[in-house]
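This report refers to the structure that appears directly beneath it.
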Amino acid sequence: MTWISALAFVGALSASQAPAQKTETAVFAGGCFWGVDAVFKHVKGVTRVVSGYAGGAAGTADYEQVSSGSTGHAESVEVTFDPSQVTYEQLLQIFFTVAHDPTQLNRQGPDVGTQYRSAVFYTSEQQKAAAQAFMARLTRDRVFSRPIVTEVTKLDRFYRAEAYHQNYLALHPTQPYIVYNDLPKLAELKEKFPAMYREL
């Protein structure tokens, strides 16, 4: 995926030369939100990441109900970013190539169920078009050996998860699930996108 790294580097250069803009928001679902949250927190230009739920109703937006897989929600992260430092397209690159495996249907690694599905919850038609175009490019270039199963769905509302789920990796770096499933994602982010990686 050399072309992805090259795009990230060029994009980072052009973004650093752009005038200051207001922040924007992106919402992604890629399995357990602990690891996805941590990946985006380490991206330059990202100002805030919140773990939560998207795709279901307010009345079922709590962990116990979402964990049943019957609420329509997906564990998600809300990413606030400065587009003068990192673009939405660059966030898509990281989401699809580092944060999760977009070819796994209704699961990520050991976690199984629709609440762990792969999804882009777009907040504008521009985000929708960008996500669809990026997925088409990955498919065209045969980046993955299996089909991409990521949903591209309009965001209705994002619901913040319980406090104990926020910033989970940073607070529990030695927990076995984190060590096995999520710390490797941070290492991969640093290796594939060094110009976009930041230490916290």
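Summary table below
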| item | result |
| --- | --- |
| Equivalent ellipsoid semi-axes - Cα gyration tensor, the chain, angstrom | 24, 18, 18 |
| The chain - share of DSSP beta bridges that are antiparallel (%, nearest 5) | 85 |
| Segment 83-181: radius of gyration and largest Cα-Cα distance (Dmax), Å | 15.0, 41 |
| Segment 25-61 versus segment 107-168: alpha-carbon centroid distance in Å | 10 |
| Estimated distance in nm for a label pair at ALA170 and ARG137, the labels positioned 7 Å out from Cα along Cα-to-Cβ | 3.0 |
| Ordering of 136-146, 188-198, 90-100 by burial proxy (mean other Cβ atoms within 10 Å per residue, highest first) | 90-100, 188-198, 136-146 |
| Pairs from LYS154/LYS185; LYS41/LYS190; LYS22/LYS44; LYS41/LYS192; LYS22/LYS154; LYS154/LYS192 whose Cα-Cα separation, in the structure shown, is over 20 Å | LYS154/LYS185; LYS22/LYS154; LYS154/LYS192 |
| Highest average packing first - 69-82, 23-36, Cβ atoms within 10 Å | 23-36, 69-82 |
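FYI, it's all coordinate maths here, none of it is from the lab. As the structure is a computational prediction, the values presented were derived from the model and not from experiment. Glycine also receives a Cβ, built like all others from the backbone with ideal geometry; neighbour counts cover every protein chain displayed.
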